[in-house]
Amino acid sequence: MLRLGEDRMPLARKLLPLLLLTLAGAAWARQEREAVERREYAFPGWEDAVKLTDVEKYSTKDEYIAACDSRYALEKVRYRSDGLAVIAYFYRPRKTEETKRPVIVFNRGSYIKGDIALELLPMFHRLAEAGFAVVAPMYRGSDGGEGRDEMGGSDLNDLLNIMPVLSQLGSLDTRNVFLYGESRGGMMVFQAIRDGFPARAAATVGAFTDLGEITSSGPGAATAKQIFPDFEERREEIISRRSALRWPERLGIPLLLMHGSADRDVPPSQTLQLAAQLAKTQKEFGVFVFPGGDHRLQQRRVERDRQAVEFFRRHMIK
């Protein structure tokens, strides 16, 4: 279901210095002429991470500690999208490798968020251990990014505009770029494919494909009016743009659709309906419904990511 995803952290916790500047003395306000600006995270211990973030909802202590791997670096990247300064996270090997790494562009769920890099870190580490670099756009309005999040409106450009950023991050195989999205992020993935994002393949988890169903009644209807102030006047336009079920013929790359059978936020039927439409268009796709799985497949997160990685590998250019 659509959620505002408000940040509940007290202000004092937000202001704690999690970040280190990659270039000593550099300040973002002084670097506007640069296309991409990068800061490296310092990894706090588990106890501090729990105090600072909701990391315990996404990983165990052991998973988090393993992800604080000295062989890898986690960076916050600031880049320009439609003239706005927006944020992405970048997880990469610390040392330059002989072979460039393929890239997974991960698209988060929910609406406006604060800094969630440490919450995503264990997943980033799993994907990196499988041989990928990970870039995760946060979308405008989140984690200090400029602009207003329209939940699949102009903020889609923050995903589309990540492609030129990849070429500036170094040691990335931009021939092999893959999209991975959960919930709202799955909707962003579908739109990006529709609009020509040059991915080799994509995987989604708990993605909604029919915004009309979700916003027809209940909490989803109320939330839609908060996200889209003119929802009643533009209902059909807003729903159609964000509902892949309306344009399955435009999903022209291999897709892996994953969903939990016990998803209480987005009905699994939304994924199954899209799969049925893709079958009619003879598009290449796979569908995997996890018995008892929740919205993000949190209890099956290792298997979830393994399925995505194996799917991407099958569609990689050698």
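Bear in mind that the values in this text are calculations on the coordinates, not laboratory data. Keep in mind the model is a prediction, meaning the values are calculated, not measured. We place every Cβ from the backbone using ideal geometry, glycine too, and count neighbours over all the protein chains shown.
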Quiz item: What value, in deg cm²/dmol to 500, does the helix sum -39500 (n - 2.57) over DSSP H runs of n ≥ 4 give at 222 nm once divided by the residues of the chain?
Solution: -9500 deg cm²/dmol
Quiz item: For the range 135-154 and the range 249-318, what is the separation of their Cα centres, given in Å?
Solution: 24 Å
Quiz prompt | residue 232-residue 281 pseudo-label distance in nm [points 7 Å out on the Cα-to-Cβ vector] | solution = 3.4 nm
Quiz item: Could you name the lysines in cross-link range of residue 225, using Cα to Cα under 26 Å and dropping any fewer than eight places away on the same chain?
Solution: 113
Quiz prompt | Extension reserve of the residue 246-residue 272 stretch, reckoned as 0.36 nm per residue once the Cα distance is removed | solution = 8.0 nm
Quiz item: What is the distance, in nm, between label points placed 7 Å from the Cα along the Cα-to-Cβ direction at residue 310 and at residue 167?
Solution: 3.6 nm
Quiz item: If you take the beta carbon distance between residue 303 and residue 40 as r and set R0 to 25 Å, what does 1/(1 + (r/R0)^6) give as a FRET efficiency, to the nearest 0.05?
Solution: 0.25
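Quick one: which of 95/283; 61/95; 95/318; 51/76; 57/318 span more than 31 angstrom between C-alpha atoms? List each step's numbers first, then the result.
Values: 95/283 39 Å; 61/95 26 Å; 95/318 22 Å; 51/76 20 Å; 57/318 37 Å.
Where the Cα-Cα span goes over 31 Å, the pairs concerned are 95/283; 57/318.
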Quiz prompt | Least to most buried among 75, 182 (fewest other Cβ within 10 Å first) | solution = 75, 182
Exercise. Please report how far the C-alpha centroid of the range 170-225 lies from that of the range 91-127, rounded to the nearest whole angstrom.
Key: 17 Å
Quiz item: Which net charge results when you count Lys and Arg as +1 and Asp and Glu as -1 among the other residues whose beta-carbon is under 15 Å from that of residue 99?
Solution: +4
Quiz item: Rounded, prolate or oblate: which fits the chain, taking a ≥ b ≥ c as square roots of the Cα gyration tensor eigenvalues, rounded meaning a/c under 1.5, else prolate when a/b beats b/c?
Solution: rounded
Self-check item: residue 174 versus residue 96: modelled label distance in nm, points set 7 Å from Cα along the beta carbon direction
Solution: 1.7 nm
Quiz item: For residue 217 and residue 60, what is the calculated FRET efficiency with R₀ set at 51 Å and r taken between the beta-carbons, to the nearest 0.05?
Solution: 0.85
Practice problem: Quote the relative contact order of the chain in percent (integer), defining contacts as alpha-carbon pairs under 8 Å separated by 6+ residues. | Solution: 16 percent
